[in-house]
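What follows is a set of notes on a single structure, which appears directly below.
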Amino acid sequence: MIKTVEYLDGKVRLIDQTRLPLEKVYVDCKTIDEVANAIKTMVVRGAPAIGVSAAMGVSLGAESIEADNFDTFYSQLEDQCLTLAKSRPTAVNLVWGIERMKCVARESKHLSICELKNKLKQESLDICKEDIESNMAMGNFGQTLISDGSTVLTHCNAGALATAGFGTALGVIRAAVNAGKRIQVLADETRPFLQGARLTVWELMEDKIPVKLITDNMSGFFMKNKKVDAVVVGADRIAANGDVANKIGTYMVAVLAQKHQIPFYVAAPISTIDLSISSGEKIPIEERSEDEVTSLNNKRITPEGATAAHPAFDITPNDLITAIITDRGIAKPQYTKSLKYLSKK
Ligand code: MRU
């Protein structure tokens, strides 16, 4: 299995997703700020992978603190988390990972500082392990929705590279394949960062799962010609009413899927559900540099001085979503009820 993120002695090792698939190189982060920078520059990306890396980053931060009492330790830990928490705004898993680590620190205030640091390291390793387990569970639930012989379209990369392993949307596909179903994947290239072309295609080819790359403007053509049986995507944040923030272009795919009566599934762990946000309108959408749009693989493709827009995510309203596959079961409309039920389960 691909190691997206790994906690080694005193460092967090990340596979550099800005350079895949042409180069397989790793970035070693030795400080919490280096982890924040890796998240910001998308060396590591994908909501669950961001959450796991952030938790490990908090542990690195904790290791660097020299304090002889809990209050000094905790106040320095909180300060250290500020830059990390701002590294990317849309995926709720980032703040979820940081808050879970801070909560464990508060609950362990009776421990010595050395024991506390070990406890935080262990917690980040547990978060990593739980993420893989939750993807496996999601896969088992989700694969029941995918029939043998299906062609499944996916957008962006919600695979092993976007998580600690196995993936969410690609986890559902992997589980269907493991269950003996013959599955063909259509992968949207996902401009401008090309997560589909570079990462999804690479991952699936490594696993020998049949995959065909299409450009983002081809999905309507394939749907109209009855070449897509289901759509499965991941999520960066899901509001209490089931509105889903995911990679820019997801909304367009969902509208097309509804037009062609193709089921549109979202696969995400419970940690991606943000019950504090009532609807998608309140989810912050990251604006990234226009250079990522005016260039392709760091090569300028537009005239000098051309301007570009770059919202990195969009919101798919709940009425376009057939079901939300989680690690605790499958949520169906009305999502306000079903998501609340699964979150509390
Ligand atoms: O900008 P990215 O590459 O971090 O965006 C990733 C996505 O939109 C994924 O679909 C989402 O995080 C789910 S990953 C399991």
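Simple rule: put +1 on each Lys or Arg Cβ and -1 on each Asp or Glu Cβ in segment 20-158, find the dipole, and look at Asn93, Thr41, Ala105; the Cα lying farthest toward the positive end is Thr41.
Here the residues Met136, Met205, ranked from fewest to most Cβ neighbours within 10 Å of their Cβ, fall in the order Met205, Met136. Note on segment 137-344: antiparallel DSSP beta bridges, both residues inside, total approximately 40 percent of the bridges counted. For the chain, modelled as a GNM whose springs connect Cα atoms under 10 angstrom apart, the maximal fluctuation among Ala306, Ala67, Ala268 occurs at Ala306.
Candidates Gly142, Gly280, Leu296 compared by Cα position along the dipole of segment 137-344: farthest toward the positive end lies Gly142, with charges placed on Cβ.
A dipole drawn for the chain from +1 and -1 charges on Cβ atoms has a positive end, and of Gln195, Gly305, Thr215 the residue lying farthest that way is Thr215. Of the peptides 100-109, 29-38, the order by per-residue mean of other Cβ atoms within 10 Å, starting with the highest, comes out as 29-38, 100-109. For Arg45, neighbours were defined as the other residues whose beta-carbon sits under 12 Å from its Cβ, and their charges (Lys and Arg +1, Asp and Glu -1) total +2. Dipole size of segment 5-135 about its Cα centre, with +1 on Lys/Arg Cβ and -1 on Asp/Glu Cβ: approximately 380 debye, rounded to the nearest 20.
Only helical runs count toward this figure. For the chain, summing -39,500 (n - 2.57) over DSSP H runs of n ≥ 4 and dividing by all residues gives -12500 deg cm²/dmol at 222 nm. Tell me whether segment 179-260 comes out rounded, prolate or oblate; compute the Cα gyration tensor, take square roots of the eigenvalues as a ≥ b ≥ c, and use a/c under 1.5 as the rounded threshold. Verdict is rounded for segment 179-260.
By the count of neighbouring beta-carbon atoms within 10 Å, fewest first, Val27, Val232, Val152, Val52 end up ordered Val27, Val152, Val232, Val52.
If you average the C-alpha positions of segment 175-227 and of segment 17-44 separately, how far apart do those two centres end up, in angstrom? So the two Cα centres are separated by 25 Å.
Magnitude of the charge dipole for segment 206-345, about its Cα centre and with charges confined to Cβ atoms of Lys, Arg (+1) and Asp, Glu (-1), is about 740 debye.
Which number gives the lysine pairs in segment 137-344 that have C-alpha atoms under 13 Å apart and are eight or more places apart or on different chains?
Eligible lysine pairs with Cα atoms under 13 Å apart amount to 4.
Each label was represented as a point 7 Å from its Cα along the Cα-to-Cβ direction; for Thr72 and Gln334 these points are 5.5 nm apart. Here the dipole of the chain is about 1160 debye; that uses its Cα centre as origin and unit charges on the Cβ of Lys and Arg (positive) and Asp and Glu (negative).
Where a number appears in this text, it was derived from the coordinates with a stated rule and is not lab data. Treat the numbers as computed from the prediction; the structure is a model and nothing was measured. Cβ sites come from the backbone with ideal geometry, for glycine too, and all protein chains shown count toward neighbours.
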